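Chemist: Just dropping this structure here.
Laboratory data are not the source of any read-out in this text; all were calculated from the coordinates shown. Please read these numbers as outputs of a predicted model, since none were measured by experiment. No Cβ is skipped: glycine too gets one built from the backbone with ideal geometry, and neighbour counts run over all protein chains shown.
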Number of protein chains: 2
Amino acid sequence: MAAAAALMFEHGVGGTSTDDVQAAAGVSTSQLYHYFGDKRTLVRAVIAYQTQNVLDAQQPLLSQLDSLDALRTWRDAIVSLQRQRQCQGGCPIGSLAAELAETWPEARADLADGFGQWEAGIRNGLRAMHARGDLRPDADPDQLALATLAALQGGLLLTQVRRDTAPLEAALDAILAHIASLAAPDASDIAARHCP
Amino acid sequence: MAAAAALMFEHGVGGTSTDDVQAAAGVSTSQLYHYFGDKRTLVRAVIAYQTQNVLDAQQPLLSQLDSLDALRTWRDAIVSLQRQRQCQGGCPIGSLAAELAETWPEARADLADGFGQWEAGIRNGLRAMHARGDLRPDADPDQLALATLAALQGGLLLTQVRRDTAPLEAALDAILAHIASLAAPDASDIAARHCP
DNA sequence: CATGTTTTGGAGTTGACACTCCAATCTTGG
DNA sequence: CCAAGATTGGAGTGTCAACTCCAAAACATG
């Protein structure tokens, strides 16, 4: 399972044969087919596994993503993770999505669901900020959450292709700056403001 | 060539056999191998073809992408194109990138180059705005261009997976709003500004 | 310990796919 | 009109990947 996920992350679904998975996991053909039935089932299991993996990894930061500082810490964590991977591999869910979405409706649904959960994590934080009055009333936290996830995915893709974290940083910094610009000014800001 | 590009856009590179291409293009095996040598060469030709396609399609808008209005028109064009495609297919370059980047260094380089040209198109417009004083001096047009392309790619991916243009719109609107917030205030804005 | 059930090993089958090969056809230059 | 070369058709080949199958081993239950 973990072996299959790792191989498919590295070589794509199409580039990973069941033999490869067997060799990496140290199991025989019959075991693999006994537990998974066929390759499609295996792939869907990998989708679920990777979704869970990503969500678990993000959980600690995601659950408290309700301030600009938290968002910046989150950004830094993602960038440094990508850097330590030498920009190889993009997003585990995003890569699967791009490869499978168009050719396999069931997989697309699974992946849409995975993205949905991720988006929900981000959305919760932004909604909390909004409810607390940290974001201006006219800001739409749901839309910002969607835009943030999109920026992350696009940044990861470009970063993967260019082998350079600059696009990821630019994308996340832009969306964070945008969120910051929608932050409700607090008392001290108002006091400090002056006419030009 | 066009047939191969269309098939690979729809079913991915792995999901497109040389037989499929032959059937779609109405040519025989020997023609295909006479002109392309092998599948790898064909795929690289498809990458070049799609890059050119995208750049040509964007050219009219991209070459004048030097104002907020132009950016908004560009955004609308992309969203409506995606909508009329019923959100199928994502970005021709982005899909290829996600599928091939990790497993084939030469293709990755080709795709990085394609993205580079696209980014350059966006960058030119933003640099023009910056030079003309439409953007605040502390805004970095190069970084904004990168972030814009990333937002577009991420938005397209999520839109493809969810079969709904909302993510694309959210992503592009966020980055455009961010650029707008970096626009240098003109005389009338300053006149209209007042202390709270 | 006996018997039935689940799990495992690995050889074997089937089909698809990238690619080859040579004969037939068309094009070109004299 | 002829010969040399370029181009085309399509059957054929080797490889590889997904999946099957059955016998052997492990395990459970009375």
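Chemist: Ranked highest first by the average count of other Cβ atoms within 10 Å around their residues, in what order do B:147-160, A:34-47, A:88-101, B:40-53 fall? The partial results should precede the final answer.
Modeler: On the way: B:147-160: 29.4, A:34-47: 16.4, A:88-101: 24.1, B:40-53: 18.2.
Result, highest mean Cβ count within 10 Å first: B:147-160, A:88-101, B:40-53, A:34-47.
Chemist: Once phi is turned into ³J(HN,Hα) by the Karplus curve 6.51 cos²θ - 1.76 cosθ + 1.60 with θ = phi - 60°, what whole-Hz value does each residue of the range A:173-185 show in order, with x for glycine and proline?
Modeler: 4, 5, 5, 5, 5, 5, 4, 4, 5, 9, 5, 5, x
Chemist: Provide an ascending nm list, one decimal, of label-point separations from A:ALA183 to the equivalent residue in each further copy; define each label point as 7 Å from Cα along Cα→Cβ.
Modeler: Spelled out, the distances from A:ALA183's label point are 2.5 nm.
Chemist: Continuing with the same structure: Can you list the copy-to-copy distances for A:THR18, using a point 7 angstrom from Cα toward Cβ, in nanometres, shortest first?
Modeler: In ascending order, 2.7 nm.
Chemist: Alpha carbons only, please: Rg and Dmax for chain B, in angstrom.
Modeler: 19.9, 76
Chemist: Counting only Cα atoms, I'd like the Rg/Rh figure for the range B:52-152, Kirkwood definition for Rh.
Modeler: Numbers: Rg = 14.6 Å, Rh = 14.6 Å.
Value, to two decimals: 1.00.
Chemist: While we're here: Scaled to the compact-protein estimate 2.2 N^0.38 Å, what is the alpha-carbon radius of gyration of the protein assembly as shown, rounded to two decimal places? Intermediate results must be reported in sequence, preceding the final value.
Modeler: Working: Rg = 22.3 Å, N = 392, 2.2 N^0.38 = 21.3 Å.
Here the Cα radius of gyration is 1.05 times the empirical estimate.
Chemist: Give the average, rounded to an integer, of partner chain Cβ atoms located within 10 angstrom of each Cβ in B:115-122.
Modeler: On the way: counts 5, 2, 0, 0, 3, 0, 0, 0.
Average neighbour count from other chains, rounded to a whole number: 1.
Chemist: At A:THR29, label 7 Å along Cα→Cβ: distances to the other copies, nm, ascending?
Modeler: In ascending order, 2.7 nm.
Chemist: Could I ask something else about it? Could the peptides A:134-141, B:15-22 be put in order, highest first, of the mean number of other beta-carbon atoms found within 10 Å of their residues?
Modeler: With the highest mean Cβ count within 10 Å placed first, the list reads B:15-22, A:134-141.
Chemist: List the residues whose amide H sits under 5 Å from the amide H of A:LEU135, counting only those 5 or more places along or on another chain, with H placed 1.01 Å from N in the peptide plane.
Modeler: A:HIS130, A:ALA184
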